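All remarks here apply to the structure that follows.
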Amino acid sequence: MKFAKFKALKMGLRPGCGALSFGLLLSLSGCGGAGGGTSASTGSTSTSASTLTTSTSLSAIAQLGKKIFFDPSLSASGQVACATCHDPAQHYGPANTLSVQFGGPTLTATGIRQAPQITYAYRNPIFSIGPDTSTQENINVAQVAASSSSTTIPQKVAGGSASSTAMVPQGGLFLDGRVDTLQAQADGPLFNPAEMANTNVNDLVTKLAKSSYADDFKQIFGSNVFSNPQMLLSEAEGAIARFEFEDASFHAFNSKYDYYLAGKTQLTASELNGLKLFEDPAKGNCAACHLDKKTADGQPPMFTDFQYEALGVPRNSAIPANADPTFYDLGLCGPVRTDLTAQTNYCGMFRTPSLRNVSTRKVYFHNGIYKSLNDVMQFYMLRDITPEQFYSRDSNGSVLKFNDIPALYQANVDTTDAPFNRKPGDSPALSTSEIADVIAFLNTLTDGFQSANAYAP
Ligand code: HEC
Ligand code: HEC
């Protein structure tokens, strides 16, 4: 809760960059260009959610971005588009139940993380390490992190307020926050050897030149656009970002909970009780990290504080990379993200995900280990009471608690915030029927309760 205020403030920065009259490429480059900007957070500068989502027509650039998003011919295999892993029918997540998705030239390569739903990703603020100030945007993140390496992460209590001077990593895109803008983000999958697997810029440019929408590029950006590969790439990635930013399907704001917040529907007794337990610091305490109230500037909640936490999720043997016992995905401190590897106090931390559309997800947590919300709830309630239920044992029969984080960094795991403040013999924070109510509440976060944006007048 405590950071909601300054985050809202930060989101209000960069006037002009969130303008919806984004017809000119120049304005995009100025705000979310390759030099670093905030296209992911530009959405937040808009005055209200309804202005974003009631528009039915996409700009020419966003229409181009939509074509790129759905085009499998831009991949080495010819079969993988952004939409393959981010399917609009699944709230822009994958349709299958695999922990990690297949990609690469022959569709046999896998990454190390679940493919997240990317609805609402446009609201992620840029990556920063608190305490936040408005001048933070150009500072060296590794330096701030180094200065904070002895600071402990403050305790999180739903509705509570902790010291505002704590150094807290937050924001960014990807589960380790390694890029700041949707435009920069698109560069990842296009060239990731386990995803669309283009080998270099020219490789991709050749495919774009052959695409059915090559003329659109010329019309929008000028007839010379194909003679400057780097420029073309930047325009293509900017167009994808525009699509994710403009198209209402990415941020419909029409879940039952949105209708409830807008005063346009009631929750059932079970859903209401679930909401109460979700917020109660002595029960679920979920809202301490998954913020469920409107922000200070009146924007609908994102169900995340965008901050990083280590929950000690069990190692997932279904991920091929985990066959190597020395391999660990430690989120903020690497190996994918490379600028914070020295900050071992961040090892094991991943960004708190939004819970919008969460009950339609096929897999949960960064490594996709769980397949149902009930599994997730069991982990939250029993991790510290009956750890043997979740973790493997060593040859002596001892339970290897937090077995996906090397022993040296296991102290980073959150063991203070409810419901993680338990020990063997304690009773779980929520009973079976209370868990059912929380899940009933989470089911109200799915877009499509009605067709219109709940906050539209
Ligand atoms: C083979 C599957 C796959 C394909 C294809 C793919 N992605 Fe992803 N996407 C992922 C995975 C896995 C992650 C999380 C990776 C990480 O955190 O390191 C991700 C993360 C993202 C995120 C960040 C979400 C967040 O919460 O931070 C966005 C936005 C995104 N992808 C957009 C795209 C776009 C645009 C394309 C096409 C250019 C694309 N993806 C293609 C699997 C895929
Ligand atoms: C201390 C902060 C914190 C609290 C409290 C918390 N969460 Fe989370 N939640 C996280 C983080 C961080 C992750 C991602 C962890 C990972 O992937 O390693 C997460 C992941 C999840 C996921 C998986 C979503 C996905 O896309 O994979 C669900 C569901 C969830 N939380 C629900 C809850 C519920 C319900 C509660 C209350 C019982 C709760 N959380 C309490 C921080 C928190």
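Tabulated values for the structure
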quantity: For segment 173-224 and segment 406-457, distance of Cα centres in Å; calculated: 36
quantity: At most 15 other Cβ within 10 Å, DSSP loop - chymotrypsin sites (Phe, Trp or Tyr not before Pro), segment 299-357; calculated: PHE327
quantity: Cross-link pairs LYS67/LYS156; LYS67/LYS294; LYS256/LYS283; LYS156/LYS362; LYS294/LYS423; LYS207/LYS256 - those with Cα-Cα distance over 31 Å; calculated: LYS67/LYS156; LYS67/LYS294; LYS294/LYS423; LYS207/LYS256
quantity: Net dipole in debye of segment 257-384 [+1 Lys, Arg Cβ; -1 Asp, Glu Cβ; about Cα centre; nearest 20]; calculated: 280
quantity: Förster-model FRET efficiency, 56 Å R0, SER392 and ASP215, C-beta, rounded to 0.05; calculated: 0.50
quantity: Cβ crowding within 10 Å averaged over residues, with 234-244, 170-180, 387-397 ranked highest first; calculated: 234-244, 170-180, 387-397
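Read-outs: derived from the displayed coordinates by stated rules, not from any lab. None of the values given here were measured: they were computed from a predicted structure. Positions of Cβ are backbone-derived with ideal geometry, glycine not excepted, and every protein chain shown enters the neighbour counts.
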